[in-house]
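Some notes on the structure that comes next.
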Amino acid sequence: MTEDVPPPPDEPEGSADGPFEAEGAFEAAAPPDWRREFAEEARSERPDLARLCLLIGAVADPTVTRHTLNEAEIELDRLAGLVPYATRITGDWTTALAGLLGHREGFVGVPADYQRLESSLLHEVLRRRRGLPILLSVVWMEVARRAGAPVYGLGLPGHFVVGFGDPADLDLADPFAGGRAMTGTDAELLVTSATGEALDRSMLRPAEPGAIVLRVLNNIRAWAAPRPERSDVALWAVELSLLLPSHPARLRYERAELLVQRGDFLTGAAEMEAYAEVMDAVDPDAATAIRRRAQAARARLN
């Protein structure tokens, strides 16, 4: 049992030796540096897919707090706890997760989801039960992983799905369709409809967390591309992509173009020139064209 003891009469509250020693103790704590946390997680030995996707949401949405991210993790844990334990014995993960996530919890996609930025933000997908195929697949993967399933993501052209067990067995499910079971023939049809070409076996390799996150960010950039008023979204999506250990070099040029588009002509021009130096050894003609773009950007200052 404890009791409050007032300070001695000659030692006023808040004095140098009192409970609030440092000046400015009442100042609010500095806001989280979500981008730094994203970079650290992306470059860790075993990147956490859910955390990386949640940090994308934290960068995108200024209302997100640490509590928001914790709640999302708790929701994934809760959903995993609802997976029947017997599934570990039967191995019928597709049926169990389709019943839980697709039907009972209502995780499913509709065409309109492609027009919403929230469809690419994990905390919003968990709240709305709607999202793009890749985000719904992330939900499936994270719930299944917590429940003990041998799950992986499969980034087919134009559509992301999940698989269980040995990738050679093609035990697949489509979370966007509520968990519809897929065969190898279904996967081939998906690829053919998206690319017009036959399925290549290289497309059936499980996707690593970094590749999944890059694809999420690519979707966000694609959403922002026809919306010039949302160039801010395109810019932070490119900048997060550049923090990944593996990313296309051309993203540096894309960032430079976005900076110019947003009126930061000097920085954008400087980054174009830096990228042109890289291109000199690969494509001299392209390097020359990029330098012209940089010169034009600087001229817009006059």
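The values are calculated or read from the model by the stated rules, or taken from the named source; none is laboratory data. A quick note: this is a predicted structure, and the numbers were derived from the prediction, not measured. Glycine also receives a Cβ, built like all others from the backbone with ideal geometry; neighbour counts cover every protein chain displayed. With ligands, DNA and RNA removed, areas are computed over all heavy atoms of the protein, side chains included. Shrake-Rupley method; radii C 1.70, N 1.55, O 1.52, S 1.80 Å.
Every condition in (1) farther than 21 Å from ARG36 by Cβ; (2) of a type outside the set (Gly, Ala, Ser); (3) touching a Ser or Thr at 6+ places or on another chain (Cβ under 8 Å) is met by LEU259 except one, and the failing one is (1). SER202 meets each of the listed conditions (1) of a type outside the set (Val, Ile, Thr); (2) at pLDDT below 90; (3) outside any helix (DSSP H, G or I) apart from (3).
In the set (1) of a type in the set (A, V, I, L, M, F, W, C); (2) within 23 Å of ALA86 (Cα to Cα); (3) surrounded by fewer than 21 Cβ atoms within 10 Å (Cβ to Cβ), the condition left unmet by ALA177 is number (2).
Among the numbered conditions (1) open to solvent by less than 30 Å² (accessible area, probe 1.4 Å); (2) touching a residue at least 60 places away in the same chain (Cβ under 8 Å); (3) in contact with a strand residue (DSSP E or B) (Cβ under 9 Å, 6 or more places away or on another chain), the only one that VAL83 does not meet is (3). Filter segment 231-251 down to the residues that are open to solvent by 50 Å² or more (accessible area, probe 1.4 Å), without any contact (Cβ under 8 Å) to a residue 60 or more places away in the chain and not small (Gly, Ala, Ser) and list them by number. Scanning segment 231-251 gives ASP232, HIS247, PRO248, ARG250.
Among the numbered conditions (1) part of a helix (DSSP H, G or I); (2) without any contact (Cβ under 8 Å) to a residue 12 or more places away in the chain, the only one that GLU254 does not meet is (2).
Residue by residue, here is whether (1) open to solvent by less than 10 Å² (accessible area, probe 1.4 Å); (2) in contact with a Gly (Cβ under 6 Å, 6 or more places away or on another chain); (3) outside the structural domain of GLY57 (by the TED database); (4) free of Cβ contacts under 8 Å to residues at least 12 places away in the same chain holds:
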site: HIS123; (1), (2), (3), (4): no, yes, no, no
site: LEU132; (1), (2), (3), (4): no, no, no, no
site: ALA149; (1), (2), (3), (4): no, no, no, no
site: LEU156; (1), (2), (3), (4): yes, no, no, no
site: PHE164; (1), (2), (3), (4): yes, no, no, no
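Being under 13 Å from LEU97 (Cα atoms), under 20 Å from the mean Cα position of the chain (by Cα) and assigned to a strand (DSSP E or B) is a condition met by at least one residue of segment 166-187.
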